[in-house]
Each structure stands twice: as C-alpha cells, then as structure tokens.
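Student: If you scroll down you'll find the structure; I have some questions about it.
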Amino acid sequence: EDQVTQSPEALRLQEGESSSLNCSYTVSGLRGLFWYRQDPGKGPEFLFTLYSAGEEKEKERLKATLTKKESFLHITAPKPEDSATYLCAVQGLFSGGYNKLIFGAGTRLAVHP
Amino acid sequence: DAGVTQSPTHLIKTRGQHVTLRCSPISGHKSVSWYQQVLGQGPQFIFQYYEKEERGRGNFPDRFSARQFPNYSSELNVNALLLGDSALYLCASSFWDRSVVEQYFGPGTRLTVT
C-alpha cells in the first residue's frame, strides 16, 4: 500500500535559522512527488513536482530534493511569512488513476521573528 | 485567470441530512478531483473525474457520489451525513489525466455536521 510519512510533525524556527523537512514514501512505482504549502483554513498551494531520484527544484527560499525513498524540503533563512503546513504527496503507478495523490499528514512550520 | 472556485465556503448540516458541494476548475482544465481533509491530517482522495467520466475512486462509502458536467464543473454529494463527515472538502483541477501533472486546489468547503 502506498504510504507517505512526514517528519517532524511540527517545527519551530527563529527567523534566519535554516532547516529541512522530511518526507519518506513507500510506493509501487513513483510517477511523481509533490510538495504543497497550506495556510490555515485554505486549500493547498502547489510548490514543486519531482519525478526521479537526484532531481532538485528551487523557489525563493525553498529547495526540494528527491531520493529513491525520501524527499527533503530545505528552507534557507526562513521568514515569518514562511509559516504554514507543508504537505508532501506521491502519485504511484498503481494508485488507481493518474491524478490520485497520497498525502502525508504534513509538517507545521512556525517561524518566529 | 481565476483559480479553482468552490461553493459554499462554509456549511453546517445535521446528522442524516444530504449535502451538495460545487467546484469550478481552472479555465481549460478538464480533470477534477475531490479530497477530504480532516483537521490535523493530509487530504484523502475521494474521486477523480475526467471528461465527465469517473477515473478513480478512493476508499469512501457509497454515501459519497460525484459527477462532472459538460463545462467541467463538478458536484460532490454526501447522503446520510455522519458526525465523522465533518471536514474540509477540497477540489483540485488539472489539465488532463494522461500523465503526471500538477493539480491546483481550491479554497475548500468547510462542512460541519452536528
């Protein structure tokens, strides 16, 4: 069964203190791994898609990397506006449709001034 | 361009009642998926529709049903509501479903069942 586990559940950082969020996955053939940002009471906002091990993508202070078993979301010099829940999701070969995403529970990030 | 829109924003229903949630995808997108997100958890897949046909179904009871209209908008229906159906219901749209494509989520409908 396809599964996604995110750690830590919650992370508190000081402004400027860089860190990484982890997403471990088990999937029968990875089609793609997605990172989303979700603010309280709102829908997830798309950040990145990674397709194969070794791939990296960057956007402002965020950098996502992918290995065969996990993905990392690196946050460099975070600002308070980066505070949100970060969700990781996978799409597998046998997930039951191209668009079915399996999500982790997310990491709640709080960045304090 | 407008993003994914959902209505209503909030809804309060009583156990046993029926509810209909609506979603309009991004212009040009033909695929709509529905997800349920319980507080503190990640979204869970309910249905996917493409060109008005059901293309995927998650592990939800038959009380949940959906359909897609010729203009690609979609409805999610839930019958015989239970307290456990209280959640944020999210709609996601994508251009098609023939490859790995980004899905864009709407703001969600917050359903409270009392």
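Student: Checking B:Glu54 against (1) within 11 Å of chain A (Cβ to nearest Cβ); (2) under 30 Å from A:Pro8 (Cβ atoms); (3) among the acidic types (Asp, Glu): exactly one of these is not met. Which one?
Tutor: All conditions are met except number (2).
Student: Here's something else I'd like to know. State all residues of segment B:22-47 that are in contact with a Ser or Thr (Cβ under 6 Å, 6 or more places away or on another chain), within 13 Å of A:Gly43 (Cβ to Cβ) and assigned to a strand (DSSP E or B); if no residue qualifies, say none.
Tutor: Of everything in segment B:22-47, just one residue is in contact with a Ser or Thr (Cβ under 6 Å, 6 or more places away or on another chain), within 13 Å of A:Gly43 (Cβ to Cβ) and assigned to a strand (DSSP E or B), namely B:Cys23.
Student: What pairs can you find where one residue is in segment A:98-111 and more than 7 Å from chain B (Cβ to nearest Cβ), the other is modelled with pLDDT under 95 and open to solvent by less than 10 Å² (accessible area, probe 1.4 Å), and their Cβ atoms are less than 6 Å apart, with a gap of 6+ or different chains?
Tutor: If the second residue must be modelled with pLDDT under 95 and open to solvent by less than 10 Å² (accessible area, probe 1.4 Å), the pairs left are A:Ile102/A:Val90.
Student: Inspect segment A:73-90 for any residue being more than 9 Å from every other protein chain (Cβ to nearest Cβ), touching a helix residue (DSSP H, G or I) at 6+ places or on another chain (Cβ under 8 Å), more than 25 Å from B:Pro25 (Cβ to Cβ) and not hydroxyl-bearing (Ser, Thr, Tyr) and give the result as yes or no.
Tutor: Yes.
Student: Right, next: Quick one: is B:Phe64 buried (at least 16 other Cβ atoms within 10 Å of the Cβ) and touching a Pro at 6+ places or on another chain (Cβ under 9 Å)?
Tutor: Answer is no for this residue.
Student: Let me ask another. Which pairs turn up if I take residues in segment A:12-31 that are open to solvent by 30 Å² or more (accessible area, probe 1.4 Å) and look for partners that are of a type in the set (A, V, I, L, M, F, W, C) and outside any strand (DSSP E or B) with beta carbon separation below 7 Å, at least 6 apart in sequence or on another chain?
Tutor: Taking only residues 6 or more apart or on different chains, the pairs are A:Gly16/A:Ala77; A:Ser18/A:Ala77; A:Ser28/A:Leu93; A:Ser28/A:Phe94; A:Arg31/A:Leu93; A:Arg31/B:Val100.
Student: Additional query: Could you please let me know if B:Leu76 is open to solvent by less than 10 Å² (accessible area, probe 1.4 Å) and under 12 Å from the mean Cα position of the chain (by Cα)?
Tutor: For B:Leu76, the condition - open to solvent by less than 10 Å² (accessible area, probe 1.4 Å) and under 12 Å from the mean Cα position of the chain (by Cα) - is met.
Student: If a residue has to be modelled with pLDDT of 95 or more, closer than 20 Å to A:Pro44 by Cα and either among the aliphatic types (A, V, I, L, M) or open to solvent by 60 Å² or more (accessible area, probe 1.4 Å) (or both) to count, how many in segment A:75-96 make the cut?
Tutor: Looking only at that region, the number is 6.
Student: I'd like the full set of residues that are at the interface with chain A (Cβ under 7 Å from one of its Cβ atoms) and modelled with pLDDT of 95 or more, limited to segment B:84-103.
Tutor: B:Leu90
The values are calculated or read from the model by the stated rules, or taken from the named source; none is laboratory data. This structure is a prediction, so every number in the text was calculated from the model and none was measured. Ideal geometry is used to build each Cβ from the backbone, glycine not excepted, and the neighbour counts take in all protein chains shown. Areas reflect the complete protein model, heavy atoms only, side chains present, ligands, DNA and RNA absent. Shrake-Rupley method; radii C 1.70, N 1.55, O 1.52, S 1.80 Å.
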